[in-house]
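For reference, the structure is listed below as structure tokens.
The values are calculated or read from the model by the stated rules, or taken from the named source; none is laboratory data. Owing to the predicted nature of the structure, the values given are computational and were not obtained by experimental measurement. Cβ sites come from the backbone with ideal geometry, for glycine too, and all protein chains shown count toward neighbours.
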Amino acid sequence: MLRIGMLTSGGDCQALNATMRAIYKSVMYNAKEPVEFYGFEDGYRGLMYKKYRMLTQTDFNGILTIGGTILGTSRTPFKTIRKPDEHGNDKVELMKRTYNALKLNCLVVLGGNGSVKTANLLSQEGLNVVAMPKTIDNDLWGTDMTFGFQSAVDIATRAIDEIHTTASSHGRVFIVEIMGHKTGWLPLNAGIAGGADIILLPEIPYSIDKICEVIDRKQTTNTNGRFMILAVAEGAISQEDAKLSKKEYRKKLESYIFPSVSYKLASEIEERTGKEVRVTVPGHTQRGGMPDAYDRVFASRLGSEAGRMICHGEYGYLVAYKNREIIKQPLAEVAGKLKLVDPNSSIIKEARMMGISFGD
Ligand code: F6P
């Protein structure tokens, strides 16, 4: 008997269900022995507190196109994983106990950075773990792409697309704030796809003087210069703030009256240029809805490989994507590392060649 546990952890995204479906199909098609799938509810919490259900074919029917996760998810920060829970129990021990009680052969974790760190810890503790690269942020080290990312790029792009007409009618400056946590993959790609004039990323600290200069220049040199669109990462940071220590910056952020960096920028731009500025925050819509066609194919490929690995007993890996191929990366080599946008990468250079400003 092959017993497989599965959980989805951290912020949700599109194609979680598509990935689980592919794993199920791949295992069922290839396993040489009877198989049981156990789904843990709400991420690692389900594994800790024995909240699970057996998953059968019916659970996976019709979920290829459905966003969210049939298992539910939650955030279990890695930095608290070794801290006892409210009953004084060691969380890692609780998880190991459930794993052993169910006589699992392996645990499949669909998760982003924090979740992969915990997956690696569990692997070091002797559990057979396979991790799947999930997150709209695309910031997971060891893989060129994560599932959920392309669907989120589509949604963020549509948000920028739809701002164009109203920005043009009113001759306004529009800021579209895009998710991505501490990295700029999502705003970079959506910004280019949506034809943004300025893209601000955490990896390229901006100067407010430079931004206002670009706005003024477009107005005087371009017949289309009535309006301006900025795709701003939620983690965008000024050159001045980038010099602060993490602690100093956190303190400064707490002192702001603005709900996010975009509103602060809007106020500064209005004050300096006299132009009307509006902010649009698509927020969690970027994680919602159905996976796009790219993500459905990608999730299927990743899940298929995970199924193959499980059938061959290959554990302790993140299923990843490198140079257009699905590969496996040792968890210990990828856990805890953040994949940032390289300011000198070709995509940044190509964008600059087209006149896109990064505010630097
Ligand atoms: O990691 C995915 C993500 O959507 C980030 O882009 C964003 O910073 C964060 O999660 C939002 O977290 P929450 O859903 O907990 O508000």
Query raised in the report: Which of the residues that make up the range 223-264 are without any contact (Cβ under 8 Å) to a residue 24 or more places away in the chain, charged (D, E, K, R) and within 16 Å of the ligand (Cβ to nearest atom)?
Result: Arg250
Query - Pairs where the first residue, in the range 334-350, is closer than 15 Å to Ile192 by Cα and the second is surrounded by 11 or more Cβ atoms within 10 Å (Cβ to Cβ) and hydroxyl-bearing (Ser, Thr, Tyr), C-beta under 7 Å, 6+ apart - result: Val341/Thr183
Query raised in the report: Among Thr273, Thr285, Thr220, which is the only one that is closer than 30 Å to Asn17 by Cβ and either in contact (Cβ under 8 Å) with a residue 40 or more places away in the chain or out of contact with any Gly (no Cβ under 9 Å at 6 or more places or on another chain) (or both)?
Result: Thr285
Report summary line: Restricting attention to the range 169-199, the residues that are within 13 Å of the ligand (Cβ to nearest atom), in a loop (DSSP other than H, G, I, E, B) and in contact with a helix residue (DSSP H, G or I) (Cβ under 6 Å, 6 or more places away or on another chain) number exactly 2
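Mind checking which strands (runs of 3 or more DSSP E) fall wholly inside the range 267-360 and carry at least 3 residues that are within 16 Å of the ligand (Cβ to nearest atom), in contact with a Lys or Arg (Cβ under 6 Å, 6 or more places away or on another chain) and under 30 Å from Arg226 (Cα atoms)?
Details: elements: 277-280, 317-322, 325-330.
Where strands (runs of 3 or more DSSP E) fall fully within the range 267-360, none carries at least 3 residues being within 16 Å of the ligand (Cβ to nearest atom), in contact with a Lys or Arg (Cβ under 6 Å, 6 or more places away or on another chain) and under 30 Å from Arg226 (Cα atoms).
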**Report entry** Hits in the range 323-339 - residues which are within 14 Å of Glu203 (Cβ to Cβ) and either of a type in the set (Gly, Ala, Ser) or crowded, with 16+ Cβ neighbours inside 10 Å (or both)
**Finding:** Lys339
Report summary line: Flagged pairs (Cβ under 6 angstrom, 6 or more apart or on separate chains; first in the range 108-129, farther than 18 Å from Gly142 by Cα; second part of a strand (DSSP E or B) and away from the ligand (no atom under 16 Å from the Cβ)) are Leu122/Val129; Leu127/Leu107; Asn128/Cys106
Query raised in the report: So Ser151 fits all but one of (1) of a type outside the set (Val, Ile, Thr); (2) within 16 Å of the ligand (Cβ to nearest atom); (3) under 25 Å from Tyr249 (Cβ atoms); what number is the exception?
Result: (3)
Query - Output for the range 155-204, where each listed residue is touching an Asp or Glu at 6+ places or on another chain (Cβ under 8 Å) and hydroxyl-bearing (Ser, Thr, Tyr) - result: Thr183
Query - Residue that is surrounded by the most Cβ atoms within 10 Å (Cβ to Cβ) [pool: residues in the range 293-308 that are touching a strand residue (DSSP E or B) at 6+ places or on another chain (Cβ under 6 Å) and over 24 Å from Gly180 (Cβ atoms)] - result: Ala306
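Is at least one residue of the range 162-175 under 18 Å from the mean Cα position of the chain (by Cα), farther than 16 Å from Pro202 by Cβ and either crowded, with 21+ Cβ neighbours inside 10 Å or at pLDDT 95 or above (or both)?
no
So that you can scan it fast, the table gives a plain yes or no per residue for (1) over 12 Å from the mean Cα position of the chain (by Cα); (2) crowded, with 24+ Cβ neighbours inside 10 Å:
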| site | (1), (2) |
| --- | --- |
| Arg97 | yes, no |
| Ala101 | yes, no |
| Leu104 | yes, no |
| Val109 | yes, yes |
| Val116 | yes, yes |
| Leu121 | yes, no |
| Gln124 | yes, no |
| Asp139 | no, no |
| Phe149 | no, yes |
Query raised in the report: So which pairs qualify, if the first residue must be in the range 180-208 and over 28 Å from Gly10 (Cα atoms) and in contact (Cβ under 8 Å) with a residue 12 or more places away in the chain, the second must be in a strand (DSSP E or B) and aromatic (Phe, Trp, Tyr), the Cβ gap must be under 9 Å, and the two must be at least 6 apart or on different chains?
Result: Ile198/Tyr206
